[in-house]
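Structure first, commentary second.
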Amino acid sequence: MTQTATTKTAPGPKGLPVIGNVMQLGGADILTRYIELWKEYGDIFYLKLGPLDSFVLANPEHVHHVLVKNQTNYIKGIGYDGFRLLVGQGLVTSDGELWRQQRRLMQPPFTPKAITQFTQMMVDVTAQMLDRWQAYAQRSETVTMDAEMMRLTMSIIGRAMFSIDLGEELTEVGDALHRAFGFIPERAQGGIALPLSVPTPKHRRFKQDLEIIDGFIQRRIEEGRRNPNQDNLLSILLQSRDEETGQGMSEEQLRDEVVTLFFAGFETTARSLTWALYLIAHHPEVADKLEAESDAVLQGRAPVVDDLFNLTYTRMVVDEVLRLYPPTALLARQNVADDVIGGYPVPAKSMIVLIPFLIHRYPSVWPDAERFDPERFRPEAVDARPRNAYIPFASGPRVCLGNNFALMEMTLALSMIAARYRLSQAPLETIPHEFAGTIRPTKALRMKIEAR
């Protein structure tokens, strides 16, 4: 797409002095608010967020320009300052040479081939959960699936990273990460964010959570150094060396990357699995197809890695869930130099806001976009779509490192659940979403488990 400079400015709502449009974006339903603004102002619109010039993009071609075509002009920048309070200069938040070095160090264990080493562990942990569900099914009890999926994904990432089941300690650090991550967008939506040194109750709680997280990570790193030859991700990171410099990670870098991987490894996948079970419960025809595929492919046994190639409908379900409730619901970039997007000038140091939740509902690409329809991901339909119309894990050089891990984990879990149980929501009702770093249900998802 050719970009031609003009003198026109991008449209957008009128803001208030000093704070601009900040107050118009407040609240947990900020993603729906962005959709409303897009409907009013179009594919690119301007917001003044305090001192920042911000441009929100919805058109997949504009997204491709930022994430791929002209990606060298776009850094993570100021849009990730809040997240840096939690994960420091990890792979998600760093830029420039630091990011390139960290990516070289982190990439090897996350290639599609490398992650297959975790297949059996994922299957074993999921099977333990399903065995535990047998008692619930016999007693016709309702179960809180949010908690079940969080427990599952925390157990999987705990074993993948540290080779241990962390039990109660895992629950404590998981709760701390959950609260801390939710605090970050809440703080950003409140207007001009106060320094953390101001002793508000929320700031004190955030600092307490950071102490829990850092203590947990430090104990794991110390244990990893005492036992360096374990077959887990932490051991790989401890031993990794940059092929260009021969250097390993500093203590600070190691901490930041472990926090990033650990959080991303359970929170986002747990949310995605929860939404998957919710959507499947509302579409029994999808449940029927999932069960039929699991029966045909697995034939009553536990899955192995080669089965992933044959669980095609299950993967289509996963992809459609991630379209409606993307794990990366909001992306931000900052342009180094002036640019032109969609005919509008974008001054240097502007914040570019990309919202997969909106992009995945772009009507010319996704007809009847709110409808849950896994058939959208038939190979021929995927091939016909424009570039970057589907970006649940971002795109380009900064695509999420753990996307293959998450996709494998979700596909295995859904196939194994479908093979043994039919889940129904109790009661069957619509649950709205809210945005708190990830897209979360506004109330617990209660489900009944029926053995097949």
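The values are calculated or read from the model by the stated rules, or taken from the named source; none is laboratory data. The model shown is predicted, which means the values in this text are computed figures rather than measured ones. Glycine gets a Cβ as well: all are built from the backbone with ideal geometry, and neighbour counts include every protein chain shown.
The rows are residues; the columns are (1) closer than 26 Å to Leu152 by Cα; (2) modelled with pLDDT of 95 or more; (3) part of a helix (DSSP H, G or I).
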residue: Ala337; (1), (2), (3): no, yes, no
residue: Ser364; (1), (2), (3): no, yes, no
residue: Ala381; (1), (2), (3): no, yes, yes
residue: Pro386; (1), (2), (3): no, no, no
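For Leu412, state whether it is touching a strand residue (DSSP E or B) at 6+ places or on another chain (Cβ under 9 Å), assigned to a helix (DSSP H, G or I), among the hydrophobic types (A, V, I, L, M, F, W, C) and touching a residue at least 24 places away in the same chain (Cβ under 8 Å). So Leu412 does not fit the description; no. Can we say Leu234 is within 25 Å of the chain's Cα centre (by Cα), surrounded by fewer than 18 Cβ atoms within 10 Å (Cβ to Cβ), hydrophobic (A, V, I, L, M, F, W, C) and assigned to a helix (DSSP H, G or I)? It is false that Leu234 is within 25 Å of the chain's Cα centre (by Cα), surrounded by fewer than 18 Cβ atoms within 10 Å (Cβ to Cβ), hydrophobic (A, V, I, L, M, F, W, C) and assigned to a helix (DSSP H, G or I). Mind listing just one residue for me: the one in the stretch 204-231 that is modelled with pLDDT under 90 and among the polar types (S, T, N, Q) and, of those, surrounded by the fewest Cβ atoms within 10 Å (Cβ to Cβ)? Taking the candidates together, the pick is Asn229.
Condition check ((1) at pLDDT 90 or above; (2) within 20 Å of the chain's Cα centre (by Cα); (3) among the aromatic types (Phe, Trp, Tyr); (4) surrounded by fewer than 16 Cβ atoms within 10 Å (Cβ to Cβ)) across all residues:
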{"site": "Ala5", "(1), (2), (3), (4)": "no, no, no, yes"}
{"site": "Ala28", "(1), (2), (3), (4)": "no, yes, no, no"}
{"site": "Lys39", "(1), (2), (3), (4)": "yes, no, no, yes"}
{"site": "Val66", "(1), (2), (3), (4)": "yes, yes, no, no"}
{"site": "Tyr80", "(1), (2), (3), (4)": "no, yes, yes, no"}
{"site": "Gln89", "(1), (2), (3), (4)": "yes, yes, no, no"}
{"site": "Ser94", "(1), (2), (3), (4)": "yes, yes, no, no"}
{"site": "Glu97", "(1), (2), (3), (4)": "yes, no, no, yes"}
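Just wondering, is there one or more residues in the stretch 81-90 that are in a helix (DSSP H, G or I), among the charged types (D, E, K, R) and under 23 Å from Asp339 (Cα atoms)? Yes, the stretch 81-90 contains a residue that is in a helix (DSSP H, G or I), among the charged types (D, E, K, R) and under 23 Å from Asp339 (Cα atoms). Hey, could you check the stretch 238-287 for residues that are modelled with pLDDT under 90 and among the acidic types (Asp, Glu) and say which is surrounded by the most Cβ atoms within 10 Å (Cβ to Cβ)? For the stretch 238-287, the residue satisfying everything is Glu267. Kindly check whether there is at least one residue in the stretch 392-409 that is hydroxyl-bearing (Ser, Thr, Tyr), in contact with a helix residue (DSSP H, G or I) (Cβ under 9 Å, 6 or more places away or on another chain) and under 20 Å from Ala270 (Cα atoms). Among the residues of the stretch 392-409, not one is hydroxyl-bearing (Ser, Thr, Tyr), in contact with a helix residue (DSSP H, G or I) (Cβ under 9 Å, 6 or more places away or on another chain) and under 20 Å from Ala270 (Cα atoms), which makes the answer no. Of Ile35, Ile115, all but one fail to be aliphatic (A, V, I, L, M), in contact with a Leu (Cβ under 7 Å, 6 or more places away or on another chain) and either in contact (Cβ under 8 Å) with a residue 12 or more places away in the chain or surrounded by fewer than 16 Cβ atoms within 10 Å (Cβ to Cβ) (or both); the exception is Ile35.
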